[in-house]
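Peer 1: Pasting in a structure now, in structure tokens, and then I'll have a few things to ask.
None of the figures in this text is laboratory data; all of them are computed from the coordinates on show. Everything numeric here is computed off the predicted structure, so don't read it as measured data. Every residue, glycine among them, receives a Cβ derived from its backbone with ideal geometry; neighbour counts consider all protein chains shown.
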Amino acid sequence: MPAIASGRDGPPGRPVEATARPAVAPYQWRQIAFLTLAAVALFVLVRRLPTGTNLSHVDFQTPGGNVIQFCDPANPAFIPVVAVKSPVTMQLATAVPPSIGRPLPVTLRLRTITGRLIAPEDLLVTHTQLLHLMVVDPSLRDYQHLHPVPGRTPGEWDLTLTPQRGGIYRIFADFTPAVTARGLYASAELAVPGKPDIPPAADNLAYETDGLRFTLTPDTPFQARAVVTLTLTVESAAGRQPVPLEPVMGAYAHLVAFDAARSGFAHIHPQETDLRRHPDLYRPRLTFKVQIPQAGRYVIWSQIKTGGQERSAPFWFGVAP
């Protein structure tokens, strides 16, 4: 007797027998229910796990206009921190009065627009640090780049500042909230007894310090709102001696620009981002881009590390309309 085809390969025109589906046993339903409940429980548990920060986007939203927006750390633009509103305020507290040349312990607090303190878990590491402070006196001659450390009390940061001149110091904070992953800024002031100096009136794009000669060369004259490419060159002032640059804050050099009124700053990083490619040993050169918004007097402080020591050099220049 010929066999009866039961699949799709049977002769055309002949009926194909339907294959009966086996019934699901009760124990199999129990397994499905158990796995479903376990998946739901795991999902709820993961959602309840701590994520680090307790802040949200609402803590960094400032109503109205003239507000600092979240910024791109790679943007070379000048940030007018003082002239616009920030969703973060910075408060400083000192145990003793400031004095020229004397180390001053400072406690710092950052608060969001909702009044909540910003703790270490609320910030992302940028350029190897959670929090960067750019400190400058009225003459722009004393510039210090500091990194506060978390204090004993949650939401407090500790640092030591040694002012070298008199006057009202302005302190800019540069940081990145974890919930936004975009750069933000704040500012505060600290009065140091003593008569403030005035900034130099002459341009100077070359500077010597600690046996090193620093040179800053723009590709075009400085002009308001124009993007300028800067070349920083470092060499030995005594002749052809090696100047091995070492990484500092995740780069071989940093530049920070201030205007004469200290209304803001630009924290500029080199275009050479691959630390595996070392600059020239005898005459290292790095390039930067910057955009200055307004005409006036400015200073750019450079910062490098060589021989295990960080060194800084200022460059003074004017920006045409």
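Peer 1: With 10 angstrom as the radius, rank Met134, Met90 by how many other C-beta atoms surround their C-beta, starting from the fewest.
Peer 2: Numbers: Met134 24, Met90 21.
Ordered from fewest to most neighbouring Cβ atoms within 10 Å, Met134, Met90 come out as Met90, Met134.
Peer 1: Run the reach check for Lys85 against aspartates and glutamates, Cα to Cα strictly under 18 Å, same-chain hits fewer than 8 apart removed. What comes back?
Peer 2: Leaving aside aspartates and glutamates fewer than 8 places away in the same chain, those within reach of Lys85 are Asp59, Asp72, Asp174, Glu189.
Peer 1: Given a Förster radius of 51 Å and the C-beta distance between Val82 and Arg240 as r, what FRET efficiency does 1/(1 + (r/R0)^6) yield to the nearest 0.05?
Peer 2: On the way: r = 44 Å, r/R0 = 0.87.
So, using R0 = 51 Å, E works out to roughly 0.70.
Peer 1: Report, largest value first, the span of the C-alpha coordinates of the stretch 57-192 along each principal axis, in whole Å.
Peer 2: 40, 33, 28
Peer 1: Right, next: With all pairs of different alpha carbon atoms counted, what Kirkwood hydrodynamic radius in Å does the stretch 204-321 show?
Peer 2: Numbers: mean 1/r = 0.0687 Å⁻¹.
One decimal place: 14.6 Å for the Kirkwood radius.
Peer 1: At a threshold of 8 angstrom on Cα-Cα distance, excluding pairs fewer than six apart, so keeping six or more, what relative contact order does the stretch 57-192 reach in percent?
Peer 2: Working: 292 pairs, mean separation 38.9, N = 136.
Over the stretch 57-192, the number comes to 29 percent.
Peer 1: List the aspartates and glutamates whose Cα lies under 12 Å from the Cα of Lys195, skipping any in the same chain that are fewer than 8 positions away.
Peer 2: Filter leaves Asp137.
Peer 1: While we're looking at this one, here's another question. Considering only the other residues whose Cβ falls under 13 Å of the Cβ of Leu117, what net charge follows from Lys and Arg at +1 and Asp and Glu at -1?
Peer 2: Details: positive: Arg109, Arg111, Arg116; negative: Asp59, Glu121, Asp122, Glu156.
Within the 13 Å Cβ shell, the charges total -1.
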